[in-house]
Amino acid sequence: MDMEMPSQDDPRRVAVRSWLAEHPTPTGRELAEAGYVAPHWPRPWGLDADPIHQLIIDEELRRAKVRRPDNQIGIGWAGPTLVHAGTQEQKDRYLPPLLAGEEIWCQLFSEPDAGSDLASLGTRAVRDGDEWIVNGSKIWNSGAQESQFGILIARTDPDVAKHQGISYFICPMDTPGVEVRPVREMTGVAIFNEVFFTDVRLPADALVGEVNRGWGLAKVTLGNERVSLSGGGALWGMGPDAKDLLALVRERGGCADPSMRQELAALYIESEILRLIRLRTVSAAIAGAQPGPEASIRKLLADEHGQRIMGAAKALAGTGGMLTDAGPLGGPADMWHFGYLFARALTIGGGTTQVQRNILAERVLGLPHDADPLEGRAWSESRGAGAGA
C-alpha cells in the first residue's frame with residue numbers, strides 16, 4: 001500500500017479546510033451531516049470515501065483540533081451492522097443521532113455462562129403478537145449505564161443448532177424490565193455493567209435482519225469491534241500510547257538503564273508495526289470488505305502491546321509506582337496508574353487472547369479445529385466469535 005499522502009493543495013484537502021473555515025467549532029450533528037464522522041460509510045451517512053480520502057479528512061480534523069463525537073460502540077460496531085443489514089426505516093431513525101453522538105449505544109452480547117462460547121447464550125426472545133418478550137442477563141456491557149440503545153442478541157429458537165437460533169435486536173435501554181447494575185473494577189470506576197431483562201417487550205421492528213439469522217450479524221459486529229478495539233491509544237483507543245511514553249522519557253532527560261532503553265525501543269517498533277497493520281485493515285474496511293481474521297491479528301498484538309506500555313510506565317515510576325499519584329520518571333500519574341490496572345482487561349474483552357489465537361490458527365494457518373469430546377464435532381467457530389464487552 002502506498003503510504004505517501006497527497007499534497008497540501010489536493011482538492012479533497014482544500015474542501016475539508018474550506019468546510020472547517022465555515023464551521024470552526026462544528027457540532028456532532030454538523031460533522032455527521034457533512035459525512036466527516038464515518039467518511040467511508042455510504043452516502044448519505046458518509047462520503048463513500050476511499051482510504052486516502054478518509055486519511056486526508058482525519059489529518060485535517062486533527063490539524064483543526066476538531067474531535068468527532070464520542071460514541072465508540074455506536075459508531076464503531078452498531079452503526080456498521082445497521083448499514084449492513086438494517087431496514088431503511090432503521091437507518092433513517094438511528095444512524096443520524098448515532099453519528100452525531102446524540103444517542104449513545106452499548107453492546108449486549110456476553111453472558112455469565114456465554115463469554116468466549118458466545119453462541120451458547122441463554123437470553124431468550126419469544127414472539128408474542130407484534131412484540132418480542134426478552135428474559136435473561138448480560139455481563140461486561142461497557143457504558144450501558146449511560147446508553148440510550150443497545151445491540152442485543154438473544155435465542156429465538158432453542159430447537160436448532162445454536163448458531164442458527166439467534167436473532168439480533170435493537171433494545172432501548174429505558175424499556176420497562178431492563179435493569180442496569182454497574183460493576184466497579186479495581187481501577188475504582190465502573191465502566192462495565194450487568195444488564196438484566198425481565199419480561200422486556202420489544203416491538204417487532206426492533207429485529208435487525210432475519211429471525212434466527214442473527215449469528216452472522218453478530219460476527220459482523222464482532223469483526224468491527226476488533227478493528228475498533230485495536231485503534232489508537234493503548235487502552236482500546238483510550239489513553240496514552242507508546243509515543244506518548246517515549247515523549248515523556250525524552251522530556252525527563254532520557255533513561256539510563258540499558259534494559260529499559262531496549263524495552264522502549266521494542267515498544268516503538270511494535271507501535272510502528274501496529275500503525276501499518278492498522279492502515280491496511282482500515283483500507284480493507286473502507287474498500288467495502290467486512291473485517292476478517294486479520295482483525296484478530298491486530299487486536300491480539302495491540303492488546304499485549306498495550307499491557308507492555310503500561311508495564312513499562314509503571315517500571316519507570318520506580319518505587320513511586322506503588323502510589324496512585326506517581327507517573328513515569330517522577331512525572332504526573334495522569335492515565336498511567338489507571339492504565340496499568342485497566343490493561344489487565346485488554347486481553348479478555350472483545351475476545352480473549354486465546355480465542356484470537358484459535359481464530360488465526362484455524363482460519364489463517366489452516367490448522368485443525370479443536371474437537372468437542374462430548375459432541376464429537378468442530379466447535380471452535382462458536383468460541384471464535386469472542387466475548388462482546
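Remarks
- Trypsin sites (Lys or Arg not before Pro) restricted to region 57-87 and DSSP loop, no more than 16 other C-beta within 10 Å: 65, 67
- Dipole-positive endmost among 209, 14, 222 within the chain (Cβ charges, Cα centre): 14
- Computed from the C-beta positions of residue 265 and residue 50, the FRET efficiency with R₀ = 35 Å rounds to 0.50.
- GNM result for the chain, Cα springs below 10 Å: residue of 312, 144, 78 fluctuating most strongly: 312
- Per-residue extension of 0.36 nm, minus the Cα-Cα distance of residue 272 and residue 315, leaves a gain of 13.3 nm for this segment.
- Legend: ranking of residues 238, 186 from fewest to most surrounding C-beta atoms inside 10 Å; resulting order 186, 238.
- Rg and Dmax, both from the Cα atoms of region 160-210 and both in Å, are 14.7, 43.
- Around the amide H of residue 49, modelled in the peptide plane, lie the amide H atoms of 40, 41, all under 5 Å away and 5 or more residues distant in sequence or on another chain.
- Relative contact order of region 11-63, pairs being alpha-carbon contacts under 8 Å that are 6 or more residues apart, as %: 30
- A Cβ-based charge dipole, computed about the Cα centre of the chain with Lys and Arg at +1 and Asp and Glu at -1, lands at about 720 debye.
- Under the Debye formula (equal points on every Cα, no solvent term), log10 I(q)/I(0) of region 105-214 at q = 0.23 Å⁻¹: -1.29
- Among the listed values (i) 158; (ii) 129; (iii) 542, the one matching volume of the Cα convex hull per residue in Å³ as calculated from this structure is (i).
- Computed per residue of the chain from DSSP H runs no shorter than four, each worth -39500 (n - 2.57), the mean residue ellipticity at 222 nm is -12000 deg cm²/dmol.
- Kirkwood hydrodynamic radius over Cα pairs of region 1-150, then Stokes diffusion coefficient at 4 °C and 1.567 mPa s, in µm²/s: 74
- Charge dipole (Cα centre; +1 on Lys/Arg Cβ, -1 on Asp/Glu Cβ; no other charges) of region 105-214 amounts to roughly 180 debye.
- FRET E, pair residue 14, residue 102, Förster distance 35 Å, beta-carbon r, rounded to 0.05: 0.75
- Of 162/219; 243/314; 91/138; 219/299; 162/299; 243/299, pairs whose Cα-Cα distance is over 21 Å: 91/138; 162/299
- Neighbours of residue 27 by Cβ distance under 11 Å: Lys/Arg scored +1, Asp/Glu scored -1, total -2.
- Here r is the Cβ-Cβ distance between residue 323 and residue 70 and R0 is 30 Å; the resulting FRET efficiency, rounded to 0.05, is 0.50.
- Volume per residue that the Cα convex hull of region 57-120 spans, once the total is divided by residue count, Å³: 132
- The alpha carbons of region 11-63 stretch over 25, 22, 16 Å along the principal axes, in descending order.
Values quoted throughout were computed directly from the atomic coordinates according to the rules given, and no laboratory measurement underlies them. What you see is a predicted model, and the numbers here were worked out from it, not measured in a lab. Every residue, glycine among them, receives a Cβ derived from its backbone with ideal geometry; neighbour counts consider all protein chains shown.
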